[in-house]
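One structure is given here, and the rest of the page talks about it.
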Protein chains: 2
Amino acid sequence: MRVKRIEHVGIVVKDLAQSRAVWEECLGLRLAEVEELPQYEVRIGMYPVGESMVELLQGTRPDGTYARLAREGKEGLHHLCLEVEDLEGALAELRGKGVRLRDETPRPGHQGSRIAFLDPASTGNVLVELVQRAGEG
Amino acid sequence: MRVKRIEHVGIVVKDLAQSRAVWEECLGLRLAEVEELPQYEVRIGMYPVGESMVELLQGTRPDGTYARLAREGKEGLHHLCLEVEDLEGALAELRGKGVRLRDETPRPGHQGSRIAFLDPASTGNVLVELVQRAGEG
């Protein structure tokens with residue numbers, strides 16, 4: 001498999017609107033897009049940085065994964081998303097090498113992409129997401 | 001201030017050599033460089049990914065920051081490093097905006113760079129490092 005780039009770094013926040021003070025006013029990034037992903041109970045804000053993005057994740061249901069993390073004080077770095085050209089091929093290859101997968105098959109992701117998460121138990125406690133961009137492969 | 005790119009994502013590991021199984025054999029990245037930074041009690045392995053790098057951090061003293069994190073089960077995503085053109089200028093601007101800094105002035109970093117960390121209390125619990133590459137500014 002070939003990783004093309006860090007597509008984004010996912011960061012859990014309590015509140016997207018409040019986080020703009022940090023990422024826009026202080027660090028000078030520009031919010032490109034806000035997207036609701038109701039199936040994952042999350043609202044994401046995408047900030048382009050070079051060829052990558054910073055993805056802010058705000059939970060939209062109190063009992064959802066992201067809202068719970070924020071409530072438990074686990075805001076901050078959440079996952080690392082790497083772009084590949086062929087997601088099914090990458091998953092098959094990883095499976096063959098004994099890497100445990102959270103998603104055995106791709107599921108819909110941000111911006112029309114397809115994504116899959118690896119099991120952090122196989123990657124030194126780093127939550128790695130793989131993405132194949134819409135229109136590729 | 002203008003952020004040029006995600007320069008690297010810092011990841012704490014127990015053992016650089018063992019981590020090669022994940023980052024090289026499974027994810028197909030290539031180790032570009034191993035560098036000792038004895039003043040920070042750390043050995044780093046740099047894996048280029050597109051215009052960015054994955055930086056693996058292995059503590060080199062049992063009572064140092066990185067070795068302690070690994071021992072306490074806090075392996076995994078550690079910090080996000082953003083490249084700026086003018087580090088002093090960026091720090092002055094951030095200070096003026098009320099952002100708390102861990103490093104008030106730049107200090108030596110990886111690969112001959114100069115770096116400074118911001119206080120995660122000011123950045124939604126994300127440890128942000130700013131870097132100015134050697135030869136710039």
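In region A:48-137, with Lys and Arg counted as +1 and Asp and Glu as -1 at Cβ, which of these residues, A:Ala67, A:Val99, A:Val131, has the Cα nearest the positive end of the dipole, that is, farthest along it? Farthest towards the positive end: A:Ala67. Its Cα gyration tensor gives region A:1-100 an equivalent ellipsoid. The semi-axes, each the square root of 5 times an eigenvalue, are 26, 18, 11 Å from largest down. Farthest toward the dipole's positive end in chain A, which of A:Pro120, A:Leu16, A:Ile44, given Cβ charges of +1 (Lys, Arg) and -1 (Asp, Glu) about the Cα centre? Farthest along the dipole direction, towards plus: A:Pro120. Against the longest alpha carbon principal axis of chain A, how many degrees, from 0 to 90 and to the nearest 10, is the axis of helix A:87-96 turned? Computed tilt is about 60 degrees.
Summed over both chains, the contact between A and B buries some 2800 Å² of accessible surface at a probe radius of 1.4 Å.
For peptide A:4-11, the mean count of partner chain Cβ atoms within 10 Å of a residue's Cβ comes to 4. Taking 0.36 nm per residue of separation and subtracting the Cα-Cα distance, full extension of the segment from A:Asp63 to A:Leu31 would add 8.9 nm. Inter-chain Cβ neighbour count for B:95-104, averaged per residue, equals 1 (cutoff 10 Å, partner chain atoms only).
According to the square roots a ≥ b ≥ c of the eigenvalues of the Cα gyration tensor, what is the shape class of region B:76-134, taking rounded for a/c under 1.5, prolate for a/b larger than b/c otherwise, and oblate for the remainder? Because a/c hits 1.5 or more and a/b fails to exceed b/c, region B:76-134 counts as oblate. Put a plus charge on the Cβ of each Lys and Arg, a minus charge on the Cβ of each Asp and Glu, and nothing anywhere else: the dipole of the protein assembly as shown about its Cα centre is then about 460 debye. When you count the other C-beta atoms within 10 angstrom of each residue and take the mean per peptide, A:42-49, A:25-32 line up highest first as A:42-49, A:25-32. To the nearest 10, the accessible area of B:His8 is 0 Å² with a 1.4 Å probe. Projecting label points 7 angstrom from Cα along Cα→Cβ for A:Leu16 and B:Leu16 puts them 4.0 nm apart. A point 7 Å from Cα along Cα→Cβ stands in for A:Asp15, and the other copies hold the same point at 4.6 nm, listed in rising order.
Solvent-accessible area of B:Arg107, all protein chains in place: 60 Å² (probe radius 1.4 Å, heavy atoms, ligands and nucleic acids excluded). Interface residues of region A:49-63, defined as those losing at least 50 Å² of solvent-accessible heavy-atom surface relative to the isolated chain (probe radius 1.4 Å), are listed as A:Val49, A:Glu51.
The rotation axis that maps chain B onto chain A passes nearest to the beta carbon of this chain B residue, listed with its distance in whole angstrom: B:Leu77, 2.
The values are calculated or read from the model by the stated rules, or taken from the named source; none is laboratory data. Remember, predicted model here, so these are calculated numbers, not experimental data. Virtual Cβ from ideal backbone geometry, glycine too; neighbours counted across all protein chains shown. These accessible areas exclude ligands, DNA and RNA; they are computed on the full protein's heavy atoms, side chains included. Shrake-Rupley method; radii C 1.70, N 1.55, O 1.52, S 1.80 Å.
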